[in-house]
Each structure stands twice: as C-alpha cells, then as structure tokens.
Amino acid sequence: MTNAQSKMDELFKLLEPLNKTQGEHSVSITFNPGMKGGVINFMLDWKTFIGEQEFDNIDEAIKFAYSLRKKVGIDSISQ
C-alpha cells in the first residue's frame, strides 16, 4: 500500500463515524481531478453547523477531519 493510499484510508476512517449517525451529522469529500486537493462538505448537529473546507493536500484534509470529530465529541477512531 502506498503512503497516499494509507492516508486516504485514514481520512475515510476518521470521517466514517460522522456518516453513521442517522442524519445527525453528514460529511462528503470531493477530490479535484488531477490535483491533490479538494473540498470537504459537512453538516453537523442536525444542520445547525453547515459548511465546506477546501484542502490543498491529504494532510490538510486529515487535520480538518480531526477537528470535525472533536467538534462533535467523537474522540476515538473506532466508533
């Protein structure tokens, strides 16, 4: 597995619990074709906090995923 693939796996593992809350939270990721960046779209706390965050590389996306988890009170990875 490449380093890039393992970082992608980490990102999806971080965001997965947010999408398993029966609609309380929702997160989607769009990667820009041919580029390393993209956008994370999110809706938290029953639509009380909605937004998007652009990222230039996977490390920025992972850092933001941690901040989203912290915001909603999900601290451990295995939820």
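The values are calculated or read from the model by the stated rules, or taken from the named source; none is laboratory data. What you see is a predicted model; the values in this text were computed from it and never measured. With ideal geometry, Cβ positions are generated from the backbone for all residues, glycine too; neighbour counts draw on all protein chains shown. Only protein heavy atoms, including side chains, enter the accessible area calculation; ligands, DNA and RNA are left aside. Shrake-Rupley method; radii C 1.70, N 1.55, O 1.52, S 1.80 Å.
Worth pointing out:
- Acute angle (nearest 10 degrees) that the helix 58-72 long axis makes with the longest principal axis of the chain, alpha-carbon atoms: 10
- Its DSSP H runs of at least 4 residues, each contributing -39,500 (n - 2.57), put the calculated 222 nm mean residue ellipticity of the chain at -11500 deg cm²/dmol, to the nearest 500.
- The number of Lys pairs in the chain with C-alpha atoms less than 20 Å apart, excluding pairs fewer than 8 positions apart on the same chain, is 14.
- Solvent exposure of the chain amounts to 67 Å² per residue of accessible area, where only protein heavy atoms count and the probe is 1.4 Å.
- Structural descriptor for the chain: relative contact order 28 percent, calculated from alpha carbon pairs under 8 angstrom and at least 6 residues apart.
- Of Gly51, Gly34, Gly23, the residue with the greatest mean-square motion in the GNM of the chain, using alpha carbon springs below 10 Å, is Gly34.
- Unit Cα scatterers, Debye sum, the chain: log10 I(q)/I(0) for q = 0.18 Å⁻¹: -0.70
- Fraction of accessible area attributable to carbon and sulfur, the range 1-67 (%, probe 1.4 Å): 53
- Taking the longest Cα principal axis of the chain as reference, the axis of helix 3-15 is set at about 10 degrees.
- For the range 13-60, applying the loop criterion from DSSP together with a ceiling of 15 other beta carbons within 10 Å to the chymotrypsin sites (Phe, Trp or Tyr not before Pro) yields Trp46.
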